[in-house]
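Structure first, then comments.
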Amino acid sequence: MFDNYEIWWVTGAQLLYGGDAVVSVDAHSKEMVEGLNKSGRIPVKIVYKGTANSSREVADIMKAANNDNRCIGVMTWMHTFSPAKMWIHGLQQLNKPLLHFHTQYNAEIPWDTMDMDFMNLNQSAHGDREFGHICTRMRLRRKVVVGHWSDPKAQDRIAVWSRVAAAWADSQDMLIIRFGDQMNNVAVTDGDKVEAEQRLGYHVDYTPVSELMEYWKKIDSADVDALVETYFKEYTHDQALEEKGSAGYKSIWNAARAELALRAILKAKGAKGFTTNFDDLGCADINDPNFVGFDQIPGLASQRLMAEGYGFGAEGDWKSAALYRTVWFMSQGLPKGCSFLEDYTLNFDGANSSILQAHMLEVCPLIAEERPRLEVHFLGIGVRKAQTARLVFTSKPEKGVTATVVDLGNRFRLIVNDVECIKSKPLPKLPVASALWIPMPDFETGAAAWILAGGTHHSCFSYDLTPEYWEDYAEIAGIEMAHINKDTTIPTFKNELRWNEVYYMLNKSLC
Ligand code: MN
């Protein structure tokens, strides 16, 4: 889906140095953009939009960027000195993410041949400072990447930003559907949906489960049969489950029907994510002869839809549903996977103290260490206490990052924690998918900092995304990021939260 997007590259220059200089600036810029595109490291195509030599030209490019749906952000670079007053009007109007690339056409100084003509042309060392100054004076949020354009390190930092900018564009046109409401009385998963749309872009709608059931009624049983076959091909399972007419087969069949119904309504509405509530599954009485409802919590469906890229939040948690979609979107093509997770239970074990991450059903199989196992077990929670299909697995023992967004009443806070997943153990009496992690810098500090920041018990975890993704996301969104990592200490972190409180109060545009 990165194919639908492009990044616009604008080179800053001016006409002071004559027509030859402008021709060279143009040729160099084309070569650099081509080099970045050919590096194979940046998933979004960069499109060279020419040099900007005047205030009018800058404003025209920025207005065009705003109005082009393919354009997810603008990259700027000052080849020559580009007096920054000419950028003011354009930058005032730009409403897309901005990346300032501080680079240079040539890598090394040509010591023996460098003359004043060369210097007039290759001025980014000071031209980019002039540009940076006006951005800072205008309080513009942006990313600054420094490095030679052929350097993979610089390219990778642009790649991170391009993924975040694409996910940002995706979230500006994102519908999240809540089937049912929040789980009653829960504070942290609730929040201001109006503010979310203004600040983060996505729209949250309510859809009654009865409407979902209209889709459920129309699901063709041959399609269900086929999906059940797919399950048996994709996941390890007891052979007994394949026995048609058995209770286990019936549970899996019903789970497949629920998946088809959910996918059908999400597609029909153009939704990119959804929430469920275990107290709202359609008809309450499973013995009613006119029963129209899910016989079980559609956990297997949620697991598989998450893997497909649909945002998901349990118990009506629409903020997590939207954030998970963004995590999945940013991670496309990256190898290790992501999931919605919940802090489940603690394991006090000295220096290896850790937190089991799971959910009663809904953990995304993308993070599985091995092929997931399809199982059916009794689940005694919610309106329907029933035999319930699910994928069971443990997760890769590797480092990752987890994130959540909370509503503080006057604004959103993004909380990010570096974590280390360690080898988990099977849970024979609790057959759910899980991960087991130590939050950085250690269990006691990491968990305390998360709690002090007001973090949820739900979070969106990824092995592939680094904190840099979240820095870029928070910068684009204009929200606070509280990052808990190997260097975090509680006194410093508490002060950071206090100072941020004042910063965001003073910056009304960010609240
Ligand atoms: Mn939960």
| task | Taking the Cβ of Y249 as the centre, find all other residues whose Cβ is under 14 Å away and add up their charges (Lys, Arg: +1; Asp, Glu: -1). | result | -4
| request: Out of all DSSP beta bridges with both ends in the range 397-511, state the antiparallel percent to the nearest 5. | output: 75 percent
| Which net charge results for the neighbourhood of I61, defined as the other residues with beta-carbon distances under 12 angstrom from its beta-carbon, given Lys and Arg at +1 and Asp and Glu at -1? | +1
| field | Rounded percent of accessible protein surface that carbon and sulfur make up, the range 131-211, 1.4 Å probe | value | 48 percent
| request: Give the shape of the range 1-134 as rounded, prolate or oblate, defined through the alpha-carbon gyration tensor: a ≥ b ≥ c are the square roots of its eigenvalues, a/c under 1.5 means rounded, and otherwise the shape is prolate if a/b is larger than b/c and oblate if not. | output: oblate
| For the range 437-452, in order, what is each residue's ³J(HN,Hα) by Karplus, 6.51 cos²θ - 1.76 cosθ + 1.60 with θ = phi - 60°, in whole Hz (x at glycine and Pro)? | 9, 9, x, 7, x, 7, 4, 5, 6, x, 5, 5, 5, 4, 5, 4
| said: Students often check this: by mean Cβ neighbours within 10 Å, which of 433-445, 172-184 ranks highest, and how do the rest follow? | reply: 433-445, 172-184
| query | If r is the Cβ-Cβ distance from N347 to A240 and R0 is 45 Å, what FRET efficiency results, to the nearest 0.05? | reply | 0.85
| said: To check you understand DSSP bridge types, tell me what percent of the beta bridges within the chain (both residues inside) are antiparallel, rounded to 5. | reply: 50 percent
| If packing is taken as the mean number of other Cβ atoms within 10 Å per residue, what is the order of 242-252, 452-462, highest first? | 452-462, 242-252
| If you plug each phi of the range 24-37 into the Karplus form 6.51 cos²θ - 1.76 cosθ + 1.60 with θ = phi - 60°, what whole-Hz ³J(HN,Hα) values come out, in order, with x for Gly and Pro? | 5, 4, 5, 5, 4, 4, 4, 5, 5, 4, 5, x, 5, 5
| request: Please turn the phi angles of the range 11-18 into ³J(HN,Hα) values with the Karplus equation 6.51 cos²θ - 1.76 cosθ + 1.60 (θ = phi - 60°), one per residue in order, whole Hz, x for glycine and proline. | output: 9, x, 7, 7, 8, 4, 8, x
| remark: Set K218/K336; K250/K336; K45/K272; K267/K508; K38/K233; K38/K63, cut-off 30 Å on Cα-Cα distance; pairs above it are K218/K336; K250/K336; K267/K508; K38/K233
| field | Built amide H within the under 5 Å cut-off of Q123, gap 5+ | value | T80, F81
| note | Packing-ranked peptide list from 124-130, 347-353, highest mean Cβ count within 10 angstrom first, is 124-130, 347-353
| message | Under the rule of at least 5 residues apart or a separate chain, name every residue whose amide H is placed under 5 Å from the amide H of Y48. | response | W9
| query | Which length gain, in nm to one decimal place, applies between D112 and D192 when the Cα-Cα distance is subtracted from 0.36 nm times their residue separation? | reply | 22.5 nm
| query | Which of the listed residues, P431, H458, N495, is farthest toward the dipole's positive end in the range 388-495, when Lys, Arg count +1 and Asp, Glu count -1 at the beta-carbon? | reply | P431
| query | Between I422 and K250, how many nm apart are label points set 7 Å from Cα along the C-beta direction? | reply | 4.4 nm
| note | Note, S353: beta-carbon cut-off 10 Å, +1 each Lys/Arg, -1 each Asp/Glu, net -3
| field | Amide H partners (placed H, <5 Å) of K396, local residues excluded | value | E369
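The values are calculated or read from the model by the stated rules, or taken from the named source; none is laboratory data. None of the values given here were measured: they were computed from a predicted structure. Cβ sites come from the backbone with ideal geometry, for glycine too, and all protein chains shown count toward neighbours. In case anyone asks, the SASA skips ligands and DNA or RNA and just uses the protein heavy atoms, side chains included. Shrake-Rupley method; radii C 1.70, N 1.55, O 1.52, S 1.80 Å.
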